[in-house]
Amino acid sequence: MTYRFFTPAPVKAATGLSAAVYRQLRDEFLGPVPTFQALSAVPAVQAATWALMREALLAGDASRVDREVVASAVSRANRCRFCVDAHVLLLHALGEHELAEVIARGGMPSEPRHVELVTWAEASRNPRAADWTSEYRPEVTGTLLAFHFINRIVSALLDPDLLPGGLQRSPLVRSVGGRLYARAAREPKEPGGSLPLLDAGTPAPAWAGDSPVGVAYAALTDAATRGGELLGDVARQTVTATVRWEDGRYPTRPADWAVDLVRDVPGTDRVGTRIALLAAFAPSAISPGDVALWRYSHPDDADLVRLVAYGAITATEHVAQALSPAHR
């Protein structure tokens, strides 16, 4: 696994909040996977991202297969190959071998319930265009929002291959990997187990009711939005307004698109605004040159993670604001 712009600190060196996150990842998921290692530079964002994924995708009584379908479909809509591969493997781990391979090929499942979920999840990339809302349970809705955020973090900070040479895209490797992780994937998780990792206080969103998913989402929104403090007012307004009016549209040429958008931003904020905008729309287009320019004034890995998280949560919140508070 290769990180695009920096190598995170070793897991064994973690202390405090990051060490607690890694313990839960070892106990309840597939271990300290690269996504959470990349986020370890900002422990509050790392913990809140894990909490949302745990409470939405892993815990509670909603169908785990339904949630993996949603995670896979939104990852496909966001063009996050790494995440699609990971959740295809987890569908294999849940025994859904045929469904997993349909998703891997970019196809549509045969079961009407899964067709509905895929259609809904893929439409969320442009939530205003399709009069998009959610009437699903908080775990399902939370899974969708978790992966709008995680897809962008992964595409910005990680290379797209889980295994050397893209071996994870071999059906045999996927099937074998699924069997290896079957026990971990199928073990039930008690809701709320991650909440002690979080700072309480931010009100949970209406769509989540009193579910732990809402507490985790509010904590992530709070922690990731703080990255906007790295930019000035005009820069933040540019990011927010662009996310609203572009409504998830993919830029045809992301690098040129971002350059045009930041022309009226103060010079000291242009590169940061550019990175935040790309994180929201086309995170894999963030280039080593962008990061090198940013590091002239912000040399720490933590500031790069904060900035990317800010762009990612701004896009995720655009989706969340389209939600209906009703659930089924």
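Computed from the coordinates by the stated procedures, all read-outs in this text should not be read as laboratory data. Source: prediction; values computed, not measured. Every residue, glycine as well, gets a Cβ built from its backbone with ideal geometry; the counts of neighbours run over all protein chains shown.
Mean sequence separation of contacting Cα pairs (under 8 Å, at least six apart), scaled by the length of region 32-155, corresponds to a relative contact order of 38 percent. In terms of packing, defined here as the mean over residues of other Cβ atoms within 10 angstrom, the peptides 240-251, 136-147 line up highest first as 136-147, 240-251.
What shape does region 231-320 take by its C-alpha gyration tensor, where a ≥ b ≥ c are the square roots of the eigenvalues and a/c under 1.5 counts as rounded, a/b above b/c as prolate, and the rest as oblate? Judged from the Cα gyration tensor, region 231-320 comes out rounded (a/c under 1.5). Counted over the chain with a bin width of 20 Å, the fraction of Cα pairs per bin, in whole percents, is 34, 61, 5. Considering only Leu198, Leu57, Leu91, the Gaussian network model of the chain with Cα springs below 10 Å gives its largest mean-square fluctuation to Leu198. Take every pair of alpha-carbon atoms less than 8 Å apart whose residues are at least six positions apart; their mean separation over the length of region 231-320 yields a relative contact order of 35 percent. Taking a Cβ cut-off of under 10 Å around Ala38, the surrounding Lys, Arg, Asp and Glu residues balance to a net charge of 0, with basic ones at +1 and acidic ones at -1. Simple point charges give the picture: +1 on the Cβ of Lys and Arg, -1 on the Cβ of Asp and Glu, and for the chain a dipole about the Cα centre of about 600 debye. For Ala309, neighbours were defined as the other residues whose beta-carbon sits under 11 Å from its Cβ, and their charges (Lys and Arg +1, Asp and Glu -1) total +2.
For the pair Val234 and Arg113, the difference between a 0.36 nm per residue extended length and the Cα-Cα distance amounts to 39.2 nm. Note on Tyr3 and Leu195: their simple-model spin labels are 3.2 nm apart, each label 7 Å out from Cα toward Cβ. Using C-alpha pairs below 8 Å separated by at least 6 residues, the relative contact order for the chain is 25 percent.
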